[in-house]
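Student: I'd like to ask you about the structure that follows.
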Amino acid sequence: LFLSGDSTVYNLTFIIKGDKVLLGLKKRGFGTGKWNGFGGKLEPGETVTDSAVREIEEECGLRVRPEDLKLMGVNHFEFLWNPGVREVHIFTCDKYEGEIIESEEMLPKWYPIDETPRNEMWTDDVHWFSLLFGEIRFRGYFLFEEHSSLRQYLIVDLDQP
Ligand code: 6OG
């Protein structure tokens, strides 16, 4: 195991409309073939929210305002075979403008929140989705053994009495 490694910061946003969530099927790059929220890596000089606003528009065409992004959780991901930590800031957003469009990177589709395609998503998601959609903020740590299996994880919910 690596004790040190650079950390890279990402954003990940789940657009919500009533009891539905907009997911995108990733068509290229890291996580190809998986349904996920929209997001990516920060560019130099960007804040996490600026970057989320940009990634949402690039990947599904919707325009959101930074103040409408609600930070719900921060997850740290590590992979046994790869030094370095991915720090993913996870937002929900229920105010947006524009038309949903398929991009080169993502195929967007609405799913009922309780019928997301769990078998075609990252295996960590099942552990924090109920917190995300239950509006309970959280922090998580996930250590992946292989792309689809977790060796260890810990989730702390921050809004419990
Ligand atoms: P690009 O590499 O395309 O951004 N991401 C993860 N999302 C979930 N649900 N689980 C993971 O477990 C993830 N690792 C990364 C962050 C990749 C996008 O995927 C998210 C970004 O939004 C390992 O730039």
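Any read-out appearing in this document is the output of simple, stated calculations on the displayed coordinates, not a laboratory observation. Please read all numbers here as calculations on a predicted model, not as lab measurements. Don't worry about glycine lacking a Cβ; one is built from the backbone with ideal geometry, like all the others, and counts go over all protein chains shown.
Student: Using only the alpha-carbon atoms, how far is helix 48-60 inclined from the longest principal axis of the chain? Give it as 0 to 90 degrees, nearest 10.
Tutor: 60
Student: Could you work out [θ]222 nm for the chain from helices alone, using -39500 (n - 2.57) per DSSP H run of at least four and dividing by all its residues? Round to the nearest 500 deg cm²/dmol.
Tutor: Working: 2 runs with 22 residues, N = 161.
Value at 222 nm, helices only, nearest 500: -4000 deg cm²/dmol.
Student: Moving to a separate point now. Which of the chymotrypsin sites (Phe, Trp or Tyr not before Pro) found in segment 29-67 are loop residues per DSSP with 14 or fewer other Cβ atoms within 10 Å of their Cβ? Present the calculation step by step, with values, prior to reporting the outcome.
Tutor: Working: sites: Phe30, Trp35, Phe38; in loops: Phe30.
Those that pass, being in a loop and sparsely packed, are Phe30.
Student: Here's another thing I want to ask about it. May I ask for the net charge around Leu1, where only other residues with Cβ less than 14 Å from the Cβ of Leu1 are counted and Lys, Arg are +1 while Asp, Glu are -1?
Tutor: On the way: positive: Arg151; negative: Glu78, Glu145.
Combined, the nearby Lys, Arg, Asp and Glu give -1.
Student: Which loop GluC sites (Glu not before Pro) in segment 62-103, with loop taken from DSSP, have no more than 13 other Cβ atoms within 10 angstrom of their Cβ?
Tutor: Taking segment 62-103 and a limit of 13 other Cβ atoms within 10 Å, the loop GluC sites (Glu not before Pro) found are Glu99.
Student: Using the Cβ atoms and a cut-off under 12 Å, what net charge is assigned to the surroundings of Thr116, where Lys and Arg are +1 and Asp and Glu are -1?
Tutor: On the way: positive: Lys20, Lys34, Lys109, Arg118; negative: Asp19, Asp114, Glu115, Glu120, Asp125.
That sum, taken over residues with Cβ under 12 Å, equals -1.
Student: Filter the trypsin sites (Lys or Arg not before Pro) in segment 1-84 down to the DSSP loop ones having no more than 16 other Cβ atoms within 10 Å, then list what survives. Walk me through the numbers before you get to the answer.
Tutor: Values: sites: Lys17, Lys20, Lys26, Lys27, Arg28, Lys34, Lys41, Arg54, Arg63, Lys70; in loops: Lys27, Arg28, Lys34.
When the trypsin sites (Lys or Arg not before Pro) of segment 1-84 are filtered for loop state and at most 16 Cβ neighbours within 10 Å, Lys27, Arg28 remain.
Student: What does the extension gain come out to for Val156 and Lys70, with contour length at 0.36 nm per residue minus their alpha carbon separation?
Tutor: Numbers: separation 86, 0.36 × 86 = 30.96 nm, distance 1.80 nm.
That pair, Val156 and Lys70, stretches by 29.2 nm at full extension.
Student: How many nm is it between the label spots at Val126 and Asp94, if each spot is 7 Å from the Cα in line with the beta carbon?
Tutor: Label-label distance for Val126 and Asp94, simple model: 2.7 nm.
Student: Using a simple charge model, +1 on the beta-carbon of Lys and Arg, -1 on the beta-carbon of Asp and Glu, nothing else, what dipole does the chain show about its Cα centre, in debye to the nearest 20? Could you put the intermediate results ahead of the total?
Tutor: Values: 18 positive and 29 negative charges, 39 e Å.
Its charge dipole is roughly 180 debye.
Student: For the chain, what is the percent of antiparallel DSSP beta bridges, rounded to the nearest 5? Mind showing how you got there, number by number?
Tutor: Values: 33 of 49 bridges.
If we restrict to bridges inside the chain, about 65 percent are antiparallel.
Student: Oh, and also: Checking the table Lys20/Lys109; Lys20/Lys95; Lys26/Lys70; Lys17/Lys41; Lys34/Lys109 against a 21 Å threshold on Cα-Cα, which pairs fail? Before the final figure, lay out each step's value.
Tutor: Details: Lys20/Lys109 10 Å; Lys20/Lys95 13 Å; Lys26/Lys70 23 Å; Lys17/Lys41 25 Å; Lys34/Lys109 13 Å.
Over 21 Å apart, Cα to Cα: Lys26/Lys70; Lys17/Lys41.
Student: Based on the Cβ-Cβ distance of Lys109 and Val9, what FRET efficiency does E = 1/(1 + (r/R0)^6) give at R0 = 30 Å, to the nearest 0.05? All intermediate terms of the calculation are to be shown ahead of the outcome.
Tutor: Values: r = 27 Å, r/R0 = 0.90.
Working from the Cβ atoms, E equals 0.65.
Student: Right, next: Neighbouring Cβ atoms within 10 Å as the yardstick, rank Met106, Met121 fewest first.
Tutor: Numbers: Met106 24, Met121 17.
Going from least to most buried by this count: Met121, Met106.
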